[in-house]
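Take a look at the structure below.
The values are calculated or read from the model by the stated rules, or taken from the named source; none is laboratory data. Since the model is a prediction, treat every value here as computed from it, not as a measurement. In this analysis, Cβ positions are derived from the backbone assuming ideal geometry, glycine residues included, and neighbour counts consider all displayed protein chains. Side chains are part of the model used for accessible areas, which takes the heavy atoms of the whole protein and leaves out ligands, DNA and RNA. Shrake-Rupley method; radii C 1.70, N 1.55, O 1.52, S 1.80 Å.
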4 protein chains.
Amino acid sequence: MNLQIFTTGGTFDKLYYDALSDFQIGDPTVDDLLREARVDFSYRVDSLLKKDSLDLTDEDRALIRDQVAACEHRHILIIHGTDTMTNTAEALRGIAGKVIVFTGSMQPARMRQSDAPFNLGLAIGALQLLPDGLYIAMSGQVFEAGKVRKNRSEGRFEGQ
Amino acid sequence: MNLQIFTTGGTFDKLYYDALSDFQIGDPTVDDLLREARVDFSYRVDSLLKKDSLDLTDEDRALIRDQVAACEHRHILIIHGTDTMTNTAEALRGIAGKVIVFTGSMQPARMRQSDAPFNLGLAIGALQLLPDGLYIAMSGQVFEAGKVRKNRSEGRFEGQ
Amino acid sequence: MNLQIFTTGGTFDKLYYDALSDFQIGDPTVDDLLREARVDFSYRVDSLLKKDSLDLTDEDRALIRDQVAACEHRHILIIHGTDTMTNTAEALRGIAGKVIVFTGSMQPARMRQSDAPFNLGLAIGALQLLPDGLYIAMSGQVFEAGKVRKNRSEGRFEGQ
Amino acid sequence: MNLQIFTTGGTFDKLYYDALSDFQIGDPTVDDLLREARVDFSYRVDSLLKKDSLDLTDEDRALIRDQVAACEHRHILIIHGTDTMTNTAEALRGIAGKVIVFTGSMQPARMRQSDAPFNLGLAIGALQLLPDGLYIAMSGQVFEAGKVRKNRSEGRFEGQ
């Protein structure tokens, strides 16, 4: 597997930034997590955006779509904020010949307790087995895009 | 997915036990990891053994086989030491109608930096997509049992 | 040593609260940290406030002062946000017969990388050796209150 | 404070070494911990030995003594295995004009839950306040060397 990873921001990469007493989105953590996970495949990480997913614009989604469409590899992982992950997935409809999996996390990867490393494994386990299409890997499950929603009050993704 | 998890020991569950200044196998960590990962499916954890996988006997493997064969669920995850994971997989040959995935880790889940949560996600992402059979999920990859070996000097699993 | 610990909030106890994609002050973490540290002395933790220290009012400081003055023990540790830690220390001037040490952290204790456990140790090492008075333990140093300020741009406390 | 830190091995610096399914003493972790703690004083770390403290010989203790005696700084922190920490302290008797504090940990610093960062803070808080002498900072307390023992079954240091 030759994996292309695009990061867009979201909770996954949030850090605690003291001077403003605020969380902000830091550099992508995925490379550290993959080294910790001792993965043995080729991958490349490109940071496209560093935004809370509630702040993503149509232009941002057009940028993501262009990058995904132009990517030479078949396997694409997109790390994305959970709040509008399903919207961005819809914006990628119609890109053929690719397995595109979104994941993110409910707790930042930089927290002591986080779903980020597990979710990354979940997405990568799914990526190499799925047929071409758009998917969301969250809450320990792999969903087809369009058949999943975030249940915000329960803090999980569920099929619909 | 109704997931049955069997733990057998191995590095995954090792803890540092001071009185002997030695690592020993502790209680299974998988339940804590799955809560941290906020998974939303039914699972059950049974601790069958607490052994370094180099110490597993034929009787131990017969026990694992019996438990797997008797399990009512189709999806089975086995957490196992990496050194003889492939041997135990061979001992389960011929069990029909089940997706059986082995995983483990090179660093204990209780370490600050460990491949355990990622590997757990990898195995669970694969489990729900694979056809019936025996598999090993390690090093960021999903291998069919019988077509993989541990490269001990490199600290990874690779196809063969 | 019979240690009274008062928590008031601040970065030390911040958690990441997903539904708002924001941080909030959670339950005190000090008890978990002291168990992890395997301390062997008597202590009691009382949570007085759960506030960012920029939001502390005169009433809040009067409450802290009343609680400290009424405390039967000589050794008092106050976990406090770093931004106005020195102000609250000034508000405790004149309380006799007590060793009062403030500490806090620049990164939440719940982060993977945090100064919180070290700072807690620093404060407790100092507490049992200091004469009566008001002190701030931060940045690996023990300062007398009134002779220290937070250098916000450098993210550290320094003598003045 | 100009702090000289000597590391000698022990549980503090243990790592899990997979190829042998065993633990070994790794590179000193103290520098990472001090950066995480955001300390603001000068320090220097020298790794003298990488041994379980049960394996320290008279020659090893002579080496430690020589290095401590030759050190130009007044403040010296020694990171040491807990099992014979008190013996090495005795071997340093008679070195004048220095504050020498030993610390270590019951759980490796590389574990998710460890007393190492707290103990490091405890020792450093004590170091800057103590008069010249030999001390042990463990279990949340600061002991004079010669008046403390490790209670192995309880996993703590206690006065005697």
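Identify all lysines with a Cα-Cα distance to residue D:50 below 17 Å; exclude those on the same chain that are fewer than 8 residues away in sequence.
D:14
Return the percentage of antiparallel bridges among DSSP beta bridges fully within segment D:2-159, rounded to the nearest 5 %.
Bridges in segment D:2-159 that DSSP calls antiparallel: roughly 35 percent.
If I take R0 = 51 Å and measure r between the Cβ atoms of residue C:24 and residue B:66 in this structure, what FRET efficiency does the formula 1/(1 + (r/R0)^6) give, to the nearest 0.05?
About 0.55, to the nearest 0.05.
Tell me, for the rotation carrying A onto D, which chain A residue has the beta-carbon closest to the axis and what that distance is in whole Å.
Nearest Cβ to the rotation axis, residue and whole-Å distance: A:112, 4.
For residue A:2, place a label point 7 Å from Cα along the Cα-to-Cβ direction in every copy; what are the distances to the other copies, in nm, shortest first?
4.4, 5.7, 7.2
What's the whole-number percent of alpha carbon pairs in segment D:25-116 lying beyond 23 angstrom?
Of all Cα-Cα pairs in segment D:25-116, 25 percent lie more than 23 Å apart.
Taking the Cα centre of the protein assembly as shown as origin, sum charge times position over the Cβ atoms of Lys and Arg (+1) and Asp and Glu (-1), and report the length of that vector in debye to the nearest 20.
Its charge dipole is roughly 0 debye.
May I ask you to derive the relative contact order of chain A, considering only C-alpha pairs under 8 Å and at least 6 residues apart, and to give it as an integer percent?
Reported as a whole number, the value is 23 percent.
For the protein assembly as shown, divide the Cα radius of gyration by the Kirkwood radius and give the resulting Rg/Rh value with two decimals.
1.00
With label points built 7 Å along Cα→Cβ from the Cα atoms of residue D:153 and residue B:73, find their separation and express it in nm.
That separation, rounded to one decimal, is 4.2 nm.
By accessible area of protein heavy atoms, probe 1.4 Å, what ranking do A:88, D:57 get, highest first?
Heavy-atom accessible area, descending, gives D:57, A:88.
Which percent, to the nearest 5, of DSSP beta bridges fully inside the protein assembly as shown are antiparallel?
That works out to approximately 35 percent antiparallel.
Per residue of A:139-145, how many C-beta atoms from partner chains lie within 10 Å of its own C-beta, taken as a mean?
5
Run lengths n ≥ 4 of DSSP H only: what is the helix-derived mean residue ellipticity at 222 nm for chain B, with -39500 (n - 2.57) per run over all residues, to the nearest 500?
-7000 deg cm²/dmol
What average count of beta carbons from other chains do you get within 10 Å of the Cβ of residues in B:39-50?
Across B:39-50, the average partner-chain Cβ count within 10 Å equals 2.
Out of all DSSP beta bridges with both ends in segment C:59-137, state the antiparallel percent to the nearest 5.
0
Sorted from shortest, what are the nm distances separating the label point of residue A:17 from equivalent points in the other copies, each placed 7 Å from Cα along Cα to C-beta?
Distances to the matching label points in the other copies: 2.1, 4.3, 4.7 nm.
Could you please state, rounded to a whole Å, how far the C-alpha centre of segment D:25-48 is from the C-alpha centre of segment D:90-158?
That distance is 16 Å.
To the nearest 20 debye, what is the magnitude of the charge dipole of chain A about its Cα centre, counting +1 on the Cβ of each Lys and Arg and -1 on the Cβ of each Asp and Glu?
Computed about the Cα centre, the dipole is about 380 debye.
What percent of all Cα-Cα pairs in segment D:66-160 falls into each 10 Å bin, going from 0 up to the bin containing the maximum distance?
P(r) over segment D:66-160, rounded to whole percents: 17, 52, 27, 4.
Starting at 0 and stepping by 5 Å, how many percent of the alpha carbon pairs of segment D:43-89 end up in each bin?
Bin by bin from 0 Å, the calculated values are 4, 20, 34, 25, 13, 4.
Roughly how crowded by other chains is peptide B:30-37, in terms of the mean Cβ count from those chains within 10 Å of each of its Cβ atoms?
So the per-residue partner count for this stretch is 4.
Ignoring ligands, DNA and RNA, how much accessible area is buried between chains D and C, both sides summed, with a 1.4 Å probe, to the nearest 100 Å²?
2500
With the radius of gyration and the Kirkwood radius both derived from the Cα set of segment C:106-158, what is their ratio Rg to Rh?
Dividing the radius of gyration by the Kirkwood radius yields 0.99.
7 Å along Cα→Cβ for the label point: how many nanometres lie between residue C:132 and each equivalent label in the other copies, listed shortest first?
Copy-to-copy label distances for residue C:132: 3.1, 8.1, 8.1 nm.
Counting only heavy atoms of protein chains, what accessible area per residue, in Å², does segment D:2-159 have with a probe of 1.4 Å?
Here the per-residue accessible area is 37 Å².
Take peptides A:30-42, C:44-56 and line them up by average Cβ neighbours within 10 Å, highest first, as a rough protection proxy.
A:30-42, C:44-56
Per q in 0.08, 0.10, 0.16, 0.19 Å⁻¹, report the Debye log10 I(q)/I(0) for chain D, using one uniform scatterer on each alpha carbon and no solvent.
The Cα Debye sum returns log10 ratios of -0.20, -0.31, -0.84, -1.24.
For labels at residue B:144 and residue B:87 in the simple 7 Å Cα→Cβ model, what's the distance in nm?
About 2.4 nm, to one decimal.
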